[in-house]
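Visitor: Sending over a structure as structure tokens; questions will come in a sec.
Read the figures in this text as sums done on the coordinates, not as results from a lab. Remember, predicted model here, so these are calculated numbers, not experimental data. Backbone-built Cβ (ideal geometry, glycine too); neighbour counts: all protein chains shown.
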Amino acid sequence: MSKILSPFWAKLLSYSLVIALPLAINANTLAQITNSPKSDISPVDDTAKQPNNLKVTLDKLTGTWEGQDANSSKLNLTFTTDGKLIISSKDTDGKLKSFSVTYKINPTPKPMYMDIVLSQIPKPVLTIFNFTDDDKLKIQLNGTNPGLPRPTDFSDSVSLFNKVHAATGNPKSEKPSF
């Protein structure tokens, strides 16, 4: 397979979120609370707190985050206010590659839930995320695939991202910094 794919694509395919990203272009789903009915974990139902938690979490999440995946590939994640997630990385030739998907979050459980919605795949990628004490985004990317159960805890290969741009609401104005 590595003879068919460039080293960049082979590396990206080795971690699950990127497997279906090319299929997800032009997806439109708003960021919203999800109950994740197909998950092994039942989210805590605290509806009195969810709207405030959702707003606070979305305010903190939106913007561009820079970090590395488990394969040490530099990635930028741009979360927009309208529920789009743009994943950007440079290929081996230094060309910027970007893919757009949508996301849904549930800020009530700890760690919080994130569903990555791929337009051409009926089952979302179920994952978990949190913000660290030093305001980094901690998200479990490695070992997640559409249709698999949501991780219950972070693995040793969890991805950490630093916020490099605040939210603008316009993903075209968010430029990767690498």
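Visitor: Could the peptides 128-139, 109-120 be put in order, highest first, of the mean number of other beta-carbon atoms found within 10 Å of their residues?
Guide: Taking the mean over residues of other Cβ atoms within 10 Å, the ranking is 109-120, 128-139.
Visitor: Right, next: For a quick check: sort 104, 97 by the number of other beta carbons within 10 angstrom, fewest at the front.
Guide: Values: 104 19, 97 16.
Fewest-to-most Cβ neighbours within 10 Å comes out as 97, 104.
Visitor: Further question on the same structure: Residue by residue through region 124-137, which ³J(HN,Hα) values in whole Hz follow from phi under the Karplus form 6.51 cos²θ - 1.76 cosθ + 1.60 (θ = phi - 60°), with glycine and proline marked x?
Guide: x, 7, 9, 9, 10, 8, 7, 10, 7, 4, 9, 6, 8, 8
Visitor: Explain nothing, just compute: Karplus ³J(HN,Hα) = 6.51 cos²θ - 1.76 cosθ + 1.60, θ = phi - 60°, for every residue of region 156-163 in order, whole Hz, x for Gly and Pro.
Guide: My calculation for region 156-163 gives 5, 9, 5, 9, 10, 10, 9, 6 Hz in order.
Visitor: So who's got an amide H within less than 5 Å of the one on residue 150, skipping anything under 5 residues away but keeping other chains? H placed 1.01 Å off N, in plane.
Guide: The answer is 40, 41.
Visitor: Considering only Cα-Cα distances, which of the following residue pairs are longer than 26 Å: 55/97; 95/123; 123/163; 104/136; 55/136?
Guide: 55/97; 95/123; 123/163
Visitor: Across region 103-117, in residue order, what do the Karplus-derived ³J(HN,Hα) couplings come to in whole Hz, using 6.51 cos²θ - 1.76 cosθ + 1.60 with θ = phi - 60° and x for Gly and Pro?
Guide: These are the phi-based 3J(HN,Hα) values: 9, 10, 10, 10, x, 6, x, 10, x, 5, 9, 9, 10, 8, 9 Hz.
Visitor: Give me, ordered by chain and number, the residues 5 or more places off residue 118 or on other chains with an amide H under 5 Å from its own placed amide H.
Guide: It is 125, by chain and number.
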